[in-house]
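Remarks on the structure that follows.
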Amino acid sequence: LAPQQQREQLLHYLARSRVGDQNRVGEFLSELFGIAKSDEASPALLAARNDPVLMGDQLRRAVLELIDAVTQASPLLWVLEDLHWGDLPTVRIIDVALRQLGESPLCVVALSRPSIREIFPHLWSGREVQELHLGALSRKASEKIAHAVLGDKVTGETLRTVLDRAAGNAFLLEELLRAAAAGQLAEVPSTVLAMVQSRIERLEAPARRVLRGACIFGPVFSRNGVARLLGESERVAEVTQWLELLCERELLARRPEARWHSDVEYTFVHALVRDAAYAMLTDKDRALGHRLAAQFLEQSGDSDALVLAEHCERGGELSRAVLHYRRAAWRALEGNDFDAALRHAERAIACGADGADLGDVRALQVEVHQWRGAITEVITCARGALLLLPARSARWFQVLGALAVATSRIFGVEQMQEVAQKV
């Protein structure tokens with residue numbers, strides 16, 4: 001849908017949900033979704049666009065008011081899949097919602113890998129969190145699955161081999177049973193990754209090509225994206241046939257909804273399938289694939305700056321990577337994710353940011369260190385930024401103000417007056 005139609009749908013939903021200040025909430029949610037009008041912003045939105053932290057506060061306020069209105073009418077279930085790929089602003093806003101709307105009928109269900117504890121070590125601490133850890137399949141459960149797949153005629157030796165090698169790993173058990181059903185159990189490699197690659201090698205050549213094109217995009221990808229990457233935009237129907245075949249072969253799964261209504265999205269059934277396909281690409285093919293993926297996503301209006309930055313960096317287009325890492329850094333700052341903002345800023349510098357681009361990155365570092373109270377870092381980054389930013393630009397004045405305040409705290413009013421003389 002066009003941005004105007006998306007805004008109309010959003011406003012209709014807010015009206016149906018009986019949100020209080022629908023205009024303000026709708027405007028900031030439109031900004032969050034990347035569909036806001038650029039020429040009709042309210043004073044509040046204009047002010048927030050010039051202050052990332054204020055923008056983050058306003059976005060959280062809008063989301064919380066929407067959740068509050070929805071839960072006034074009916075219970076709300078918020079499901080997050082693969083939270084290990086999530087971001088800190090999302091985790092924080094859920095934490096705030098659970099705290100402020102504790103008496104509302106709100107339930108959050110989050111699914112993730114065990115690495116979630118390393119990514120978010122204090123996830124929703126203080127809330128009434130109930131954790132369910134999925135362990136390995138029991139031998140009895142694995143045997144029941146094996147009989148359901150292979151039937152009761154399976155020999156005891158084959159069954160023991162499958163169960164011993166699977167060791168309760170559901171994905172490995174599925175692959176071993178598939179090989180046993182095809183009479184190829186003896187040919188299955190010893191490692192899981194090699195086993196998946198062996199299965200991919202047995203696919204038809206066009207299916208392998210489609211799968212390798214899909215893995216460039218990551219866990220989730222679109223039909224049109226794969227077609228564009230393979231240079232077959234005019235033969236989308238043929239690409240669709242192979243994607244559906246890969247779904248039948250249980251390597252891919254079709255998603256019920258796509259971000260763009262004119263497209264169809266798919267996902268890999270398991271991260272190992274994507275990893276195996278990606279490992280089979282040559283370095284040259286990977287770089288070309290990431291460049292084409294970035295071009296497609298940019299032309300499609302994808303607003304995820306971090307995804308675009310990573311594609312550009314892996315594709316060797318470092319100047320474009322700098323642009324997107326800068327955007328990702330400022331977006332992280334809007335969500336008060338200071339660690340992520342600094343990481344993205346460092347990635348922009350590592351990709352060769354210079355001139356005004358480097359000045360903008362230094363300005364971001366100034367703001368992060370200012371909020372953290374790291375006065376020495378503020379002064380260091382501000383001095384570097386002022387040498388690179390266009391003199392008397394809005395960003396230049398912001399950095400100058402931060403430098404003046406930081407200097408006065410350490411060196412006194414006299415030094416601040418010297419800074420003021422730069423104006």
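When the residues TYR278, TYR13 are ordered by accessible surface, computed with a 1.4 Å probe over the protein chains alone, the sequence from largest down reads TYR13, TYR278. May I ask you to list the trypsin sites (Lys or Arg not before Pro) in region 37-119 that are in a DSSP loop and have at most 16 other Cβ atoms within 10 Å of their Cβ? Those satisfying the criteria are LYS37.
Within 10 Å of each candidate Cβ there may be at most 10 other Cβ atoms; applying that plus a DSSP loop requirement, which GluC sites (Glu not before Pro) in region 5-94 survive? Don't skip to the end; give the middle numbers.
On the way: sites: GLU8, GLU27, GLU31, GLU40, GLU65, GLU81; in loops: GLU40, GLU81.
In loop regions of region 5-94 (DSSP not H, G, I, E or B), the sparsely surrounded GluC sites (Glu not before Pro) are GLU40.
Maximal additional length on extending the ALA287-THR90 stretch stands at 67.8 nm, based on 0.36 nm per residue less the C-alpha distance.
Of the residues HIS147, HIS133, ranked by 1.4 Å probe accessible area with the largest first, the sequence reads HIS133, HIS147. Normalised Debye scattering of region 34-155 at q = 0.21 Å⁻¹ gives log10 I(q)/I(0) of -1.22, counting only Cα atoms as equal scatterers and leaving out solvent. Ordered from largest to smallest accessible area (heavy atoms of protein chains, 1.4 Å probe), the residues TRP330, TRP371 come out as TRP371, TRP330.
Under a model in which nothing but the beta-carbon of Lys, Arg (+1) and Asp, Glu (-1) is charged, region 1-132 shows a dipole of about 100 debye around its Cα centre.
Quick one: net charge around SER138, please, counting Lys, Arg +1 and Asp, Glu -1 for every other residue with C-beta under 15 Å from its C-beta. Numbers along the way, then the final one.
Working: positive: ARG139, LYS140, LYS144; negative: GLU143, ASP164.
After counting each charged neighbour, the total is +1.
Roughly how large, in nm² to one decimal, is the mean projection of the convex hull of the alpha-carbon atoms in region 215-254? So the Cα hull casts an average projection of 2.6 nm².
Using alpha carbon centroids, what distance separates region 96-110 and region 334-396, in Å? If you average the Cα positions of each part, the centres end up 35 Å apart. Here is how the number arises for the chain: DSSP H runs of 4 or more residues each give -39500 (n - 2.57), the sum is divided by the residue count, and the result at 222 nm is -20500 deg cm²/dmol.
Between ARG202 and ARG255, what is the FRET efficiency for a Förster distance of 25 Å, r being their Cβ-Cβ separation, to the nearest 0.05? Don't jump to the answer; show the numbers that get you there.
On the way: r = 26 Å, r/R0 = 1.03.
Calculated value: 0.45.
Accessible area per residue for region 349-389, computed on protein heavy atoms with a 1.4 Å probe, is 44 Å².
Using alpha-carbon pairs under 8 Å, 6+ residues apart, how would you state the relative contact order of the chain in percent? Display every interim value, and only then the final one.
Numbers: 489 pairs, mean separation 40.9, N = 423.
Computed over the chain, the figure is 10 percent.
Based on the convex hull around the alpha carbon atoms, region 93-193 presents an average projected area of 9.4 nm². Counting heavy atoms of the protein chains alone, TRP242 has an accessible area of about 60 Å² for a 1.4 Å probe.
Determine, from the Cβ-Cβ distance of SER138 and PHE397 and an R0 of 60 Å, the FRET efficiency 1/(1 + (r/R0)^6), rounded to the nearest 0.05.
Numbers: r = 66 Å, r/R0 = 1.09.
Efficiency computed from Cβ-Cβ geometry: 0.35.
Computed with a 1.4 Å probe over protein heavy atoms only, the accessible area of ILE375 comes to about 30 Å². Full extension of the segment from GLN299 to LEU64, taken as 0.36 nm per residue of separation minus the current Cα-Cα distance, would add 81.4 nm.
Would you work out the charge dipole size for region 230-305 about its Cα centre, treating the Cβ of every Lys and Arg as +1 and the Cβ of every Asp and Glu as -1, and quote it to the nearest 20 debye? Write out the running numbers ahead of the final one.
Working: 9 positive and 15 negative charges, 35 e Å.
Dipole size: approximately 160 debye.
Heavy-atom accessible surface of PHE33, to the nearest 10 Å², is about 110 Å², with a 1.4 Å probe and all protein chains retained.
Whenever you get a sec, compute what percent of the accessible area on the chain sits on carbon and sulfur atoms (1.4 Å probe).
Numbers: 11930 of 23120 Å².
The computed percentage sits at 52.
Placing dummy labels 7 Å off each Cα toward the beta-carbon, the span from GLU238 to ILE119 is 3.7 nm.
Calculate, in nm to one decimal, what LEU77 and ASP57 gain on full extension: separation in residues at 0.36 nm each, minus their alpha carbon distance.
On the way: separation 20, 0.36 × 20 = 7.20 nm, distance 2.35 nm.
The span from LEU77 to ASP57 would gain 4.9 nm if fully extended.
Radius of gyration over Kirkwood radius for region 140-234, both on Cα atoms: the Rg/Rh ratio is 1.11.
Shown here for region 243-307: GluC sites (Glu not before Pro) in loop regions (DSSP other than H, G, I, E, B) with at most 14 other Cβ atoms within 10 Å, namely GLU250, GLU257.
Kindly state, as a whole number, the per residue volume in cubic angstrom of the convex hull around the alpha carbon atoms of region 148-301. Working shown, then result.
Details: hull volume 18.6 nm³, N = 154.
Dividing the Cα hull volume of region 148-301 by its residue count gives 120 Å³.
With a Förster radius of 35 Å applied to the beta-carbon distance between GLU103 and GLN5, the computed FRET efficiency rounds to 0.45. In angstrom, the C-alpha Rg and Dmax of the chain are 25.9, 90.
The values are calculated or read from the model by the stated rules, or taken from the named source; none is laboratory data. Remember, it's a predicted structure, so these values are computed and weren't measured experimentally. All Cβ positions, glycine included, derive from the backbone under ideal geometry; neighbour counts span all protein chains shown. The protein model used for the area step is the full one, side chains on, heavy atoms only, and it has no ligands, DNA or RNA in it. Shrake-Rupley method; radii C 1.70, N 1.55, O 1.52, S 1.80 Å.
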